[in-house]
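Visitor: Below is the structure I would like to discuss, written out as structure tokens.
The values are calculated or read from the model by the stated rules, or taken from the named source; none is laboratory data. Predicted, not measured: the structure shown is a model, and the values here were computed from it. Positions of Cβ are backbone-derived with ideal geometry, glycine not excepted, and every protein chain shown enters the neighbour counts.
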């Protein structure tokens, strides 16, 4: 156990652009954030580009970058992290997909979520698993359900290639498309074969689901059938060095996003579930803050992400985003009051901006502040985009964060003599 | 066609160092630039290093970097871009050279530009092309004239290597040197063979030119003969992904530098010629600005370069550089007045600095400002080196520019989920 501890507290999508309703201030600049401001005032500030200036990142790629794993080298799609999050023991080289249970009639997608099916998906998954138990064309099939309509599919075998299209058409009222090689891999035998295996999986799964007693019951009850499993978000599972081996730190994640939980499991980090952490606007930020303080005793490094600000951004809902930022601030206040700051460094940031005016992730830079042991404070006095841009840290990248933290905590080995 | 458009307006070589005649201000800091200042004041500013801090770039490598193509990966010399600009269908792997028609007597270079020959170079090029029609040692020879004494040479075949010396000695009164492998490739059979092919080309071209009726006429008129073609600036033509494929943007160039036009053709971008855009101090900047506004309707992305400031820098002519900067400012003012800024983002910069005190390109950082849709303005209020260095953007690189622009326009695909 390290003597000093490092914490990353992220308000998901918290960064912003000027909001007209806030007189051109960003959400962070407009909301009162006494705890975040204290961290900025007593710490050092700068701007964060998770990958490089202007690049629009997802939550998965941003967290990879922030944990020091280069997404350009390792990321081909969300599938491996989804599958890991669901509990599949994903292996390097596996082809992994997010899947939805869906309702299909005459090969047309009627409901992409099978009426948001809640019960019986374990039995449906079993039916698929049994129907594909012998593999498909020599490829092993692993299929596990997650919550509601969600599931994950892993294909394991030689000669697979992730450069194939989604089967989930992302829209309703359209035909289920065949999985096909992407244009750049149109002649690649592995991509062609991978697409064929996916298509055979979809066909076999459809037959198995149609015959399932779960759907018999749904039919009788007038519910939408869960008679298709539609793969998307394919990626080849990379080999990622476990976090503890890469950094010599005993790390934990307290996050509300399944995709990021999957990444944490992938990196063999502890993934701490917090009762009350809903991932929604109603999340219990104080329970999350208490969980950080508890984990502080057991771990050298904790990354926490509070999802709510991102939701306000996606919905272009100013009030929701402001209130979510207030939640992040209250969690930060609890940490300020309850951690031993002679032995702790924290950084406050976001994984990306989700501007109110955009309603989606943007590639804008994100304010970041480091506070605690080892930090050389600058004269920035509040946490926000324009204030932090004046900070002494300058512009940093996601990959710099752990190096800065382990520099402050003194847990980084010297490179050189 | 994208809903929002992106424009890059470059004042070639516009960046500067302190100028003693301007009381230590740079040219940009000293000249009144109300339009550029408005862009800085209402936009976000920073400093640009086209490749990385301190690297002295050419116009070709700077534009490559600014368009997001790594010159270290793809650039071996100007030849391929010159040849493309002249109209040769350069292929990946071709060895390409800039050539001058020159006057040579007893193997000594008397005039590197053959008295700035203006007429008959097409016939001279034909003579060379006929004399080399059978190729040289199995290598295909393509030779085309450009304006005045300029021409381009392409050698196409197996086993060619660009690591060879120039034949053009860059000075007059000296012997025409033999083409030789560079020291690091002295033992490389391909470099040795490439040099031999070049020497044979120079010998054959000399014979063909001596015998040309064009030179017979020049001799009769007492003009300097154009009896040699001297290759230089060799490069191996790289494969560069077309701009539209790399970015999904329909792009156009409005530039006054042939080398950059060649790069644009190489990237399969539209290259728009503007009557009145002379590439000189007398260029019609308002015609250029009108051309940008016309192109705005048809293209998603426009890069414009006004050459004049660079000329003032090269000549260490303070007044000329100040007046050229005023031209860039007038063009910017026209754009501010005539474009739809709810659907446009612009960045103002230079491809490099050409300081008055240096008279050549330097590796100093360049002020850059982004203005328009999506931009989070900072508190910089004028465009210039020292003001922009205080901007919120920090220091960026050429490769970041298109990522920032497509972030603002919303035309960049998200990387991740």
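Visitor: Can you tell me which residues in the range B:247-274 are without any contact (Cβ under 8 Å) to a residue 40 or more places away in the chain and buried (at least 23 other Cβ atoms within 10 Å of the Cβ)?
Guide: Passing the criteria: B:264, B:269.
Visitor: With the requirement that a residue be farther than 26 Å from residue A:155 by Cα and surrounded by fewer than 20 Cβ atoms within 10 Å (Cβ to Cβ), what does the range A:63-91 give you?
Guide: Within the range A:63-91, A:68 is the sole residue that qualifies.
Visitor: Exactly one condition in (1) within 14 Å of chain A (Cβ to nearest Cβ); (2) touching a residue at least 24 places away in the same chain (Cβ under 8 Å) is false for residue B:338; which is it?
Guide: Residue B:338 satisfies all of (1) within 14 Å of chain A (Cβ to nearest Cβ); (2) touching a residue at least 24 places away in the same chain (Cβ under 8 Å) except (1).
Visitor: Could you please let me know if residue A:277 is more than 20 Å from residue A:90 (Cα to Cα) and in a helix (DSSP H, G or I)?
Guide: no
Visitor: Is at least one residue of the range B:346-363 surrounded by fewer than 19 Cβ atoms within 10 Å (Cβ to Cβ) and under 15 Å from residue B:48 (Cα atoms)?
Guide: For the range B:346-363, residues surrounded by fewer than 19 Cβ atoms within 10 Å (Cβ to Cβ) and under 15 Å from residue B:48 (Cα atoms): present.
Visitor: Mind counting the residues in the range A:99-141 that are free of Cβ contacts under 8 Å to residues at least 60 places away in the same chain and crowded, with 21+ Cβ neighbours inside 10 Å?
Guide: 2
Visitor: So which helices (runs of 4 or more DSSP H) stay within the range A:152-254 end to end and still have 3 or more residues that are in contact with a helix residue (DSSP H, G or I) (Cβ under 6 Å, 6 or more places away or on another chain)?
Guide: Qualifying helices (runs of 4 or more DSSP H): A:189-210.
Visitor: For the range A:1-30, enumerate the residues that are more than 14 Å from chain B (Cβ to nearest Cβ) and out of contact with any strand residue (DSSP E or B) (no Cβ under 9 Å at 6 or more places or on another chain).
Guide: A:1, A:3, A:21
Visitor: Here's a follow-up. Which pairs have Cβ atoms under 6 Å, sit 6 or more apart or on different chains, and link a residue in the range B:389-417 that is facing chain A (nearest Cβ under 7 Å) to one that is in a helix (DSSP H, G or I)?
Guide: Note: pairs meeting the criteria are B:412/B:406; B:415/A:61; B:416/A:60; B:416/A:61; B:417/A:60.
Visitor: Still on this model: Taking the condition part of a helix (DSSP H, G or I), touching a strand residue (DSSP E or B) at 6+ places or on another chain (Cβ under 9 Å) and within 29 Å of residue A:250 (Cα to Cα), does residue A:298 pass?
Guide: no
Visitor: Moving to a separate point now. Is one or more of the residues making up the range A:379-387 surrounded by fewer than 16 Cβ atoms within 10 Å (Cβ to Cβ), at pLDDT 95 or above and in contact with a helix residue (DSSP H, G or I) (Cβ under 8 Å, 6 or more places away or on another chain)?
Guide: Scanning the range A:379-387, I find at least one residue that is surrounded by fewer than 16 Cβ atoms within 10 Å (Cβ to Cβ), at pLDDT 95 or above and in contact with a helix residue (DSSP H, G or I) (Cβ under 8 Å, 6 or more places away or on another chain), so the answer is yes.
Visitor: Which one is surrounded by the fewest Cβ atoms within 10 Å (Cβ to Cβ), of the residues in the range A:50-62 that are closer than 24 Å to residue A:254 by Cβ and at the interface with chain B (Cβ under 9 Å from one of its Cβ atoms)?
Guide: In this case the residue turns out to be A:58.
Visitor: Looking only at the range B:170-184, how many residues end up being modelled with pLDDT under 95 and over 27 Å from the mean Cα position of the chain (by Cα)?
Guide: Going through the range B:170-184 one residue at a time, the tally reaches 0.
Visitor: Checking residue B:24 against (1) buried (at least 21 other Cβ atoms within 10 Å of the Cβ); (2) free of Cβ contacts under 8 Å to residues at least 24 places away in the same chain, which single condition isn't satisfied?
Guide: Just one mismatch for residue B:24, condition (1).
Visitor: Within the range A:124-142, does at least one residue satisfy the condition of being farther than 17 Å from residue A:82 by Cβ, part of a helix (DSSP H, G or I) and modelled with pLDDT under 95?
Guide: no
Visitor: Criterion first (modelled with pLDDT under 95 and under 24 Å from residue A:75 (Cα atoms)) does residue A:158 satisfy it?
Guide: The answer is yes for residue A:158.
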